[in-house]
Amino acid sequence: MRYGIFLTLLLGLLCIAAAKKSGKASLQVFPEASSTDGKFAAPMTLLHSGKKTQISLMPLATEKDVEAFYPFDAGDGSSGAYFRLGPHGSNLLEQFTMSSRGSYLVVVVNGRHVADLLVDGPVHDSILVVPAGLLPSDIMAFAASYRIIGQSASESARRTKEIQKTLEEILKAEEEKSKPVKSVEPKRTKKPPRAPKRQKSSE
């Protein structure tokens with residue numbers, strides 16, 4: 001239930017962002033280099049294992065190969081996404097995963113190294129899965145250019161109208177929370193007047 005609510009809000013937020021932002025997010029998927037790549041390879045350290053390897057300078061797929069995507073909560077505070085590739089990117093992905101079992105695909109989004117995908121078998125369904133590492137700004141940028149898998153443009157528009165007001169209230173509340181709180185100096189109180197000195201009585 002919690003996941004469904006999160007996804008509903010996220011999909012609505014995507015549509016709002018799409019109306020405000022026209023730029024594409026950058027997506028590059030680099031295959032682990034072979035010994036024949038030579039000068040067309042670059043050193044890379046994998047994120048989780050720390051393994052030092054080489055990746056090809058020629059990406060296997062880019063944002064130009066994406067036809068649609070679907071975001072999901074990665075569970076670590078970031079997001080992941082399914083990317084459905086067109087014929088060109090899909091064929092390259094299938095060929096690489098069929099011939100390069102045990103090697104890695106390095107995913108770079110907006111210049112950030114976000115994931116390393118271990119090839120454990122051929123990919124026949126045209127779907128590239130990025131399990132984690134995507135920021136809300138990444139998801140919004142992809143939503144500005146690609147439709148969500150399983151939703152038509154009209155369905156996305158209807159969902160946006162239904163929850164846009166709620167999302168705007170949530171975002172406004174978050175902005176208010178992030179504003180720095182001004183410190184209030186305590187008011188200085190005047191010192192009480194000194195009591196008059198008691199005069200000695202004359203006998």
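The values are calculated or read from the model by the stated rules, or taken from the named source; none is laboratory data. Not measured: the values here are computed from a predicted model. Cβ: placed from backbone, ideal geometry, glycine included. Neighbour counts: every protein chain shown.
A few remarks follow.
- On the stretch given as region 133-142, residues that are closer than 12 Å to residue 108 by Cα and surrounded by fewer than 23 Cβ atoms within 10 Å (Cβ to Cβ) total 2.
- Candidate set from region 89-107 (those that are surrounded by fewer than 19 Cβ atoms within 10 Å (Cβ to Cβ) and among the aliphatic types (A, V, I, L, M)); member that is nearest to residue 27 (Cα to Cα): 92
- Strands (runs of 3 or more DSSP E) enclosed by region 47-137 - at least 1 residues per element that are of a type in the set (S, T, N, Q) and either closer than 21 Å to residue 150 by Cβ or over 21 Å from the mean Cα position of the chain (by Cα) (or both): 52-56, 79-85
- Among (1) of a type in the set (A, V, I, L, M); (2) modelled with pLDDT under 95; (3) part of a helix (DSSP H, G or I), the one test that residue 42 misses: (3)
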